[in-house]
């Protein structure tokens, strides 16, 4: 009865392919899936063999991808699309993080051109994301209204995290900044009817005080908004929290110029992960993405494992800032402990592109012993879990949205491992991308 009612109210499209990688290692040779497109969006209503689905849905419009593998759209759980105007400007040479922030602030567009520069950066970043097979992003934005307005021009499914700072002499601005980051009540009510969902991003331990973090977490819990925060990205975070010392503290020229620090800034002598746990972030009742977590001891990993947060690891940005010199990222140890980990790109101010496939390929090139199927999961299902969208995207199965991409091959691989190895060894753009049941490839062709 459910299938019949869906068919009567919707337009059915049957995508058949040489093979389907449904996610989590599952594989269908000569497979197909059916999308029901309604006013509420595009839903996957069936997945199975091409022969059986063609027989079951004789009136469906058929789209052939005979020499292709269909797979879930990629998920990029941590990026800053508004910084796209800095593409290629800061990555020509490596900079230590404090110097990089100084360079980033110096490169900010002039007041009369800032709105246009940021809008175009977001539109271009969303377009480039789709072209790279990314159908879902977790995007941190400081210019909340501007970035969310630019999102109406199309592009991936988005969790738009409004960035918030509240430190020292700016702590009194928290109420206004929190309201701006949350957006209007109307925008929040629309989240289920659009591809845009609102979230909150307390920026980092050196820009948000502990009591402010508690207020942000409480607001997110009440409004059921997902959270993200830069955490343990820098070893110097521990120094700052302890006594506002170190390269992020009182001696940092950026802090001096902003004139934020006062004697009321709280002290915490336990490092950023314990600090986040103490102020409720790791036990929030909403999805939480911790960006980077480049520095974590065994005891701190145990703290993360006892919480609910996911970790977004950005390999090429980590490499750009030189953190690999301190040892490899502990993402594999995190997975062993049951911490959900995904791969992400960060921004074009520290990375050459917005392709999470390139992140996975970068890791695979440096360590071919890595399980290629597991790497594909880090850029699909696990990213969706991190954003709280596991029931929406990240896999190709009945009941999820039609966020799909197709990769062409002269000879279709015969297994998920062979497919993942081929894609990671020679990354290429998808030949087609479907978002919420709509063929975005055809839309781009019409626009051109």
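Please determine, by comparing only the residues of region 395-422 that are part of a helix (DSSP H, G or I) and out of contact with any helix residue (DSSP H, G or I) (no Cβ under 7 Å at 6 or more places or on another chain), which one is surrounded by the most Cβ atoms within 10 Å (Cβ to Cβ). Looking at residues that are part of a helix (DSSP H, G or I) and out of contact with any helix residue (DSSP H, G or I) (no Cβ under 7 Å at 6 or more places or on another chain), I get 419. Exactly one residue among 151, 113 is in a helix (DSSP H, G or I), touching a strand residue (DSSP E or B) at 6+ places or on another chain (Cβ under 6 Å) and at pLDDT below 95, and that residue is 151. For region 116-146, what are the residues that are under 18 Å from residue 182 (Cα atoms), crowded, with 24+ Cβ neighbours inside 10 Å and in contact with a helix residue (DSSP H, G or I) (Cβ under 8 Å, 6 or more places away or on another chain)? The answer is 137, 138, 139, 141. On the basis of being surrounded by 15 or more Cβ atoms within 10 Å (Cβ to Cβ), in contact with a strand residue (DSSP E or B) (Cβ under 7 Å, 6 or more places away or on another chain) and over 15 Å from residue 230 (Cα atoms), does residue 284 make the cut? Taking the combined requirement at face value, the residue satisfies it. The set of residues from region 81-105 being closer than 23 Å to residue 128 by Cβ and part of a loop (DSSP other than H, G, I, E, B) comprises 87, 88, 89, 90, 91, 92. Among the residues of region 228-246, those identified as assigned to a helix (DSSP H, G or I) and surrounded by 20 or more Cβ atoms within 10 Å (Cβ to Cβ) are 237, 238, 240, 241. The condition of being closer than 15 Å to residue 227 by Cβ and in contact (Cβ under 8 Å) with a residue 40 or more places away in the chain does not hold for residue 316. Suppose we keep only residues that are within 19 Å of the chain's Cα centre (by Cα) and part of a loop (DSSP other than H, G, I, E, B) within region 308-329. Which one would you say is surrounded by the fewest Cβ atoms within 10 Å (Cβ to Cβ)? Here the residue is 308.
Being farther than 21 Å from residue 436 by Cα and either at pLDDT 95 or above or assigned to a strand (DSSP E or B) (or both) is the filter here, so list the residues in region 13-49 that pass it. Step through it out loud before you land on a result.
Initially, region 13-49 is screened for residues farther than 21 Å from residue 436 by Cα, giving 18, 25-30, 49.
Within region 13-49, 18, 26, 27, 28, 29, 30, 49 qualify.
Kindly indicate whether residue 110 is touching a helix residue (DSSP H, G or I) at 6+ places or on another chain (Cβ under 7 Å) and either free of Cβ contacts under 8 Å to residues at least 40 places away in the same chain or crowded, with 22+ Cβ neighbours inside 10 Å (or both). Break it down into steps so the answer makes sense when it comes.
Details: touching a helix residue (DSSP H, G or I) at 6+ places or on another chain (Cβ under 7 Å): no; either free of Cβ contacts under 8 Å to residues at least 40 places away in the same chain or crowded, with 22+ Cβ neighbours inside 10 Å (or both): yes.
Taking the combined requirement at face value, the residue does not satisfy it.
Does residue 220 fit the bill of being in the same structural domain as residue 105 (by TED's automatic domain parsing) and more than 20 Å from residue 80 (Cβ to Cβ)? Spelling it out, it is not the case that residue 220 is in the same structural domain as residue 105 (by TED's automatic domain parsing) and more than 20 Å from residue 80 (Cβ to Cβ).
Which residue out of 363, 335, 375, 357 is assigned to a helix (DSSP H, G or I), more than 30 Å from residue 118 (Cβ to Cβ) and touching a strand residue (DSSP E or B) at 6+ places or on another chain (Cβ under 7 Å)?
Values: 363 fails: touching a strand residue (DSSP E or B) at 6+ places or on another chain (Cβ under 7 Å); 375 fails: touching a strand residue (DSSP E or B) at 6+ places or on another chain (Cβ under 7 Å); 357 fails: more than 30 Å from residue 118 (Cβ to Cβ).
Checking each option against the conditions leaves just 335.
Here are the criteria: (1) farther than 30 Å from residue 91 by Cα; (2) out of contact with any helix residue (DSSP H, G or I) (no Cβ under 9 Å at 6 or more places or on another chain); (3) crowded, with 19+ Cβ neighbours inside 10 Å. Tell me which single one residue 275 does not satisfy. Of everything listed in (1) farther than 30 Å from residue 91 by Cα; (2) out of contact with any helix residue (DSSP H, G or I) (no Cβ under 9 Å at 6 or more places or on another chain); (3) crowded, with 19+ Cβ neighbours inside 10 Å, residue 275 misses just condition (2).
For residues that are in contact with a strand residue (DSSP E or B) (Cβ under 7 Å, 6 or more places away or on another chain) and either under 16 Å from residue 17 (Cα atoms) or loosely packed, with under 15 Cβ neighbours inside 10 Å (or both), tally how many sit in region 28-55. Let's see the steps before the verdict.
Here is the first cut: in region 28-55, the ones in contact with a strand residue (DSSP E or B) (Cβ under 7 Å, 6 or more places away or on another chain) are 28-37, 41-50, 53-54.
In the following step, the residues that additionally are either under 16 Å from residue 17 (Cα atoms) or loosely packed, with under 15 Cβ neighbours inside 10 Å (or both) were identified as 28-35, 44, 46-50, 53-54.
Within region 28-55, residues that are in contact with a strand residue (DSSP E or B) (Cβ under 7 Å, 6 or more places away or on another chain) and either under 16 Å from residue 17 (Cα atoms) or loosely packed, with under 15 Cβ neighbours inside 10 Å (or both) number 16.
Restricting 177, 189 to those that are at pLDDT 95 or above and assigned to a helix (DSSP H, G or I) reduces the list to 177. Here residue 374 clears all of (1) under 13 Å from residue 24 (Cα atoms); (2) crowded, with 22+ Cβ neighbours inside 10 Å except the condition numbered (2).
Here's the yes/no breakdown for (1) in a helix (DSSP H, G or I); (2) in contact (Cβ under 8 Å) with a residue 60 or more places away in the chain:
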residue: 248; (1), (2): no, yes
residue: 254; (1), (2): yes, yes
residue: 264; (1), (2): no, yes
residue: 267; (1), (2): no, no
residue: 291; (1), (2): no, yes
residue: 295; (1), (2): no, yes
residue: 300; (1), (2): yes, yes
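The values are calculated or read from the model by the stated rules, or taken from the named source; none is laboratory data. As the structure is a computational prediction, the values presented were derived from the model and not from experiment. Virtual Cβ from ideal backbone geometry, glycine too; neighbours counted across all protein chains shown.
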